[in-house]
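Taking it in order: structure first as structure tokens, then the write-up.
FYI, it's all coordinate maths here, none of it is from the lab. Just so it is clear, the structure is predicted and the values come from calculations on it, not from any experiment. Methodologically, a virtual Cβ is constructed for each residue, glycine included, from the backbone with ideal geometry; neighbour enumeration extends over all protein chains shown.
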Amino acid sequence: TAILKTRDVHLSYAKQEALHGVNLDFDDHSITALIGPSGCGKSTFLRCLNRMNDLIPKTTVTGSFQFHGKDIYAPTTNLVELRKQIGMVFQQPNPFPFSVYENVTYGLKLAGHTNRHYLDEQVERSLKQAAVWDETKDALNKNAMSFSGGQQQRICIARLLAVQPDIILLDEPTSALDPISSAQIETTLLALKKTYCIIIVTHNLQQASRIADRTAFMLNGNLIEDDLTSKMFTKP
Ligand code: ADP
Ligand code: ADP
């Protein structure tokens with residue numbers, strides 16, 4: 001079932017319209033890949049979903065974004081809460097320059113959690129879900145920046161999982177990684193889709209065909225095709 005529905009999404013930056021009426025639904029427990037050439041609007045559309053575009057001055061968004069039946073762009077939306085429920089992972093791993101433990105507990109502490117036992121449990125759960133527990137369990141006090149790129153990316157995923165999101169947005173999460181780390185992230189995402197709704201921007205068609213249930217193809221700010229990945233890649 002769709003937990004996020006977008007209709008007639010238009011977005012303009014100061015000088016030009018970058019999205020010209022996109023309609024897409026996102027199912028729970030599934031991975032959707034957004035593909036298309038550089039500059040077609042993939043990142044822009046992804047950033048609409050948790051209102052990261054609000055941070056770019058002179059940006060106008062119109063259309064409907066129904067998340068659990070509520071409009072993401074309603075004036076009453078709490079942006080901190082929204083970005084917890086719809087978390088984002090970027091192309092460059094961006095852990096905070098603190099320990100692994102501080103990274104993963106960051107959001108929980110902001111939300112007022114102080115119980116050490118609870119925090120420890122959540123750290124273990126999150127790092128396990130992000131498939132980076134074995135590599136960090138004896139090094140929770142080590143600076144997150146001292147890990148490899150792939151480990152940093154999985155620590156960032158764990159940081160996001162700690163606050164129990166519904167939707168995970170990933171903007172080319174493996175383009176800065178070597179093939180082995182990239183494959184580990186793909187395996188991690190396939191395990192995570194059992195629990196979450198995952199939306200991934202990728203320029204890598206093979207990656208989409210390996211992990212995505214649905215693939216949406218964008219061109220010049222339009223959605224030109226959206227189908228089951230199995231159908232998308234077998235069309236004549
Ligand atoms: P990607 O294709 O991976 O999104 P880009 O190189 O297009 O990467 O963009 C990198 C960053 O620069 C993004 O945060 C994007 O919002 C910003 N950016 C891209 N195009 C422009 C532009 N014309 N003016 C200002 N910022 C831009
Ligand atoms: P993609 O992710 O598919 O590479 P983007 O969403 O980054 O595409 O960019 C879509 C269009 O919007 C491009 O023309 C890009 O230059 C423009 N753009 C992206 N970010 C910004 C920005 N922050 N300010 C102005 N224009 C931008």
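Take the residues in the stretch 149-205 that are over 20 Å from Val80 (Cα atoms) and within 11 Å of the chain's Cα centre (by Cα); name whichever of them is farthest from ligand 1 (Cβ to nearest atom).
Leu189
Restricting the stretch 167-187 to residues that are polar (S, T, N, Q) and surrounded by fewer than 21 Cβ atoms within 10 Å (Cβ to Cβ), which is nearest to ligand 2 (Cβ to nearest atom)?
Across the stretch 167-187, the extreme among qualifying residues is Ser175.
Just to confirm my filter: which helices (runs of 4 or more DSSP H) fall fully inside the stretch 1-112 and include at least 1 residues that are within 13 Å of ligand 1 (Cβ to nearest atom), over 30 Å from Asp134 (Cα atoms) and of a type outside the set (Val, Ile, Thr)?
Correct list: 42-49.
Limited to the stretch 151-197, what total is found for residues that are small (Gly, Ala, Ser) and farther than 18 Å from Phe96 by Cβ?
5
Is there any pair with a first residue in the stretch 200-213 that is farther than 20 Å from His29 by Cβ and a second that is acidic (Asp, Glu) whose Cβ atoms are under 7 Å apart and which are 6 or more apart or on different chains, and what are they?
From residues that are farther than 20 Å from His29 by Cβ, the pairs are His203/Glu172.
Just one of the numbered conditions (1) within 12 Å of ligand 2 (Cβ to nearest atom); (2) in contact with a strand residue (DSSP E or B) (Cβ under 9 Å, 6 or more places away or on another chain); (3) not basic (Lys, Arg) is not true of Leu55; which one?
Condition not satisfied by Leu55: (2).
Which condition number in (1) farther than 25 Å from Lys193 by Cα; (2) of a type outside the set (A, V, I, L, M); (3) in contact with a strand residue (DSSP E or B) (Cβ under 8 Å, 6 or more places away or on another chain) is the one that Asp138 fails?
Failed condition: (3).
Name every residue in the stretch 27-45 that is surrounded by fewer than 21 Cβ atoms within 10 Å (Cβ to Cβ) and in contact with a strand residue (DSSP E or B) (Cβ under 6 Å, 6 or more places away or on another chain), in order of residue number.
Passing the criteria: Asp27, Asp28, Ser43.
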